[in-house]
Amino acid sequence: EWLDEHFPFIPWQNRILCGHKHILKGDVLIDDRSFNLETFEGRSIQFTSPHNVNTEGFERVNTWFEIGEKLL
């Protein structure tokens, strides 16, 4: 429901929720864990969280608004 409200332009058929992100192939991965971003072959965007504030090496965003600015 949250995705429908905030990202109505992404139909449910194009959403993937998974725990093991290393299996994903795509254009963009937004995640708070650098472990998940390290093996992703597309554009990796790290969502800032208290546990990753000192992590470097990935494009970073702090809010969903920033993600919208980068991707829309």
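Here, each number is a calculation from the coordinates, and none is a lab measurement. Note that the coordinates shown come from a computational prediction; the quantities given were computed from them, not determined experimentally. Here Cβ is always computed from backbone atoms with ideal geometry, including for glycine, and neighbour counts include all displayed protein chains.
Odds and ends about this structure:
- Shown here for the chain: GluC sites (Glu not before Pro) in loop regions (DSSP other than H, G, I, E, B) with at most 15 other Cβ atoms within 10 Å, namely E1, E41, E56.
- Electrostatic tally near H51: other residues with Cβ closer than 10 Å to its Cβ, Lys and Arg +1, Asp and Glu -1, net 0.
- 3J(HN,Hα) from dihedral phi, region 48-58, Karplus parametrisation 6.51/-1.76/1.60, rounded to Hz, x for glycine, proline: 5, 8, x, 7, 10, 4, 9, 6, 10, x, 10
- Expressed per residue, the C-alpha convex hull volume of region 17-71 stands at 85 Å³.
- If the segment from N54 to E41 were pulled out straight at 0.36 nm per residue, it would be longer than the present Cα-Cα gap by 2.4 nm.
- Neighbour counts of other Cβ atoms within 10 Å put L37, L29 in the fewest-to-most order L29, L37.
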